[in-house]
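Below: the structure, in structure tokens.
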């Protein structure tokens with residue numbers, strides 16, 4: 001059985017930068033601990049990646065906060081997280097979900113489980129979880145809520161409920 005960990009968008013802008021939150025800062029140690037539980041070759045990561053024209057894109061018009069522009073400090077992965085990743089396992093994505101990563105994981109014949117952690121629960125985590133579930137309905141998909149943070153605590157909880165409704169297992173959930 002092959003189990004992989006997917007680390008979503010643990011980038012400076014989402015942790016303590018343009019779109020950072022105290023909840024995002026608080027999960028960094030838990031994400032690092034989770035990563036230590038996997039062999040390095042079983043860890044994949046995504047990076048939200050935008051260009052300088054971000055504000056003229058559909059996303060930029062709906063979320064007019066410049067973030068994760070390729071080459072900026074905010075675009076970089078948290079140094080603590082980046083140090084634990086193999087560069088070949090990092091997927092840049094221009095939108096919420098990573099189609100390229102989903103295609104690669106779907107080609108793994110022995111893949112039985114994907115665990116997801118990262119930011120933001122209500123945007124990129126839920127998008128990737130649903131994309132992976134649609135691409136691989138028989139693969140067990142789980143999200144560790146203690147290693148995720150949403151734009152707000154309320155949106156975090158709502159996204160967890162959405163994923164649960166779509167047969168994605170939610171673990172590590174703290175009582176409100």
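The values are calculated or read from the model by the stated rules, or taken from the named source; none is laboratory data. Computed from a predicted model, the values in this text were never measured in an experiment. Cβ atoms come from the backbone with ideal geometry, glycine included; neighbour counts cover every protein chain shown.
This table checks each residue for (1) surrounded by 16 or more Cβ atoms within 10 Å (Cβ to Cβ); (2) out of contact with any helix residue (DSSP H, G or I) (no Cβ under 8 Å at 6 or more places or on another chain); (3) in a loop (DSSP other than H, G, I, E, B).
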| site | (1), (2), (3) |
| --- | --- |
| 138 | no, yes, yes |
| 141 | yes, no, no |
| 144 | yes, no, no |
| 147 | yes, no, no |
| 156 | yes, no, no |
| 161 | no, yes, no |
| 164 | no, yes, no |
| 170 | yes, no, no |
| 173 | no, no, yes |
By residue number, the members of the stretch 76-90 that are exposed (fewer than 14 other Cβ atoms within 10 Å of the Cβ) and either part of a loop (DSSP other than H, G, I, E, B) or touching a residue at least 40 places away in the same chain (Cβ under 8 Å) (or both) are 83, 86
Flagged in the stretch 106-136 as surrounded by fewer than 14 Cβ atoms within 10 Å (Cβ to Cβ) and in contact (Cβ under 8 Å) with a residue 60 or more places away in the chain, in numbering order, are 108, 110, 112
Scanning the stretch 45-64 for residues that are outside any strand (DSSP E or B) and either surrounded by 11 or more Cβ atoms within 10 Å (Cβ to Cβ) or at pLDDT below 95 (or both) gives 49, 51, 52, 54, 55, 57, 59, 60, 63
By residue number, the members of the stretch 8-31 that are part of a helix (DSSP H, G or I) and without any contact (Cβ under 8 Å) to a residue 24 or more places away in the chain are 22, 25, 29
If you go through 93, 34, 103, the only one that is within 27 Å of residue 133 (Cβ to Cβ), without any contact (Cβ under 8 Å) to a residue 60 or more places away in the chain and buried (at least 17 other Cβ atoms within 10 Å of the Cβ) is 93
When the stretch 119-130 is checked residue by residue, the ones that are more than 11 Å from residue 168 (Cα to Cα) and touching a helix residue (DSSP H, G or I) at 6+ places or on another chain (Cβ under 6 Å) are 119, 121, 122
